[in-house]
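K.L.:
Please read through the structure below; I'll follow up with questions.
What follows is calculated from the coordinates using simple rules that are stated; it is not laboratory data. Remember, it's a predicted structure, so these values are computed and weren't measured experimentally. Note that each Cβ is placed from the backbone with ideal geometry, even for glycine, and that neighbours are counted across all protein chains shown.
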Amino acid sequence: MKRIACICLSLCAGYAAATDIGVVGLFPGKAVLVVDDAPPKAYAVGSVLSSDTKLIAADSETATIIVNGKRQVLTMGQYVHRAAPGSSLSVVLQADTRGHFVAEGQINGSTVNMLVDTGASLIALPASEATRIGINYKGGKLGRTSTANGLVSVYHVKLDSVKIGDVELHQVDASIHEEGLPYALLGMSFLNRMDMRRNGDQMTLTKRY
């Protein structure tokens, strides 16, 4: 089953990997979770998910988990990743001759070149590019957004995966534009999960969660 929301949480010292928890169903007093890629299973409030992870609350909108004494609240559609200690991943981007950073990455396994744009709230794709890589964007939520050319119609979707170098995120929000967008934009739905550091004509993106 495809994950709708996923949270990777550090295990106690001595474990090499993080605990991977995906939320695929929410009900009063119960959550259907995928733990470390095991088949989906319904967990009642109070269930122990790993040596330091416990489900402490659930309703139709959120699941609350305690990890190492800290609360984590998950909602359907949310994706949070916390890597195991020492496993943070980075990618270095090189500016082009105009000073722009263009990332050659993969969306849902297909290669896409994206212009880094901190002014874009979401990853944005032209409809032609979305079609090329097999995104059924018209199944997404239709909305309107403001551009330099005025208000335009867009479709809001979730991308299964976005990968740049060794950095990969899942279930990333994106908008698909049928007009007015000549190239793909790497917006804040990806970048806000990164530490961004610029040194001259290089930009380093380090995965935070």
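K.L.:
Select from LEU159, SER146, GLN171 the residue farthest towards the positive end of the dipole of the range 144-193; place +1 on Cβ of Lys and Arg, -1 on Cβ of Asp and Glu, and compute about the Cα centre.
P.N.:
Ranked along the dipole, the leading option is SER146.
K.L.:
Would you work out the charge dipole size for the range 91-207 about its Cα centre, treating the Cβ of every Lys and Arg as +1 and the Cβ of every Asp and Glu as -1, and quote it to the nearest 20 debye? It would help to have the intermediate numbers written out before the result.
P.N.:
Details: 11 positive and 12 negative charges, 51 e Å.
With Lys and Arg at +1 and Asp and Glu at -1, about 240 debye.
K.L.:
Quick query: amide H of LEU26 versus all other amide H atoms, modeled in the peptide plane; which residues come in under 5 Å with a sequence gap of 5 or more or a different chain?
P.N.:
Amide H neighbours of LEU26, under 5 Å, 5+ apart: VAL32.
K.L.:
Which entries in the list LYS54/LYS163; LYS30/LYS141; LYS41/LYS207; LYS163/LYS207; LYS30/LYS54 go over 22 Å, if you measure between the two C-alpha atoms of each?
P.N.:
Working: LYS54/LYS163 30 Å; LYS30/LYS141 28 Å; LYS41/LYS207 29 Å; LYS163/LYS207 11 Å; LYS30/LYS54 12 Å.
Pairs exceeding the cut-off: LYS54/LYS163; LYS30/LYS141; LYS41/LYS207.
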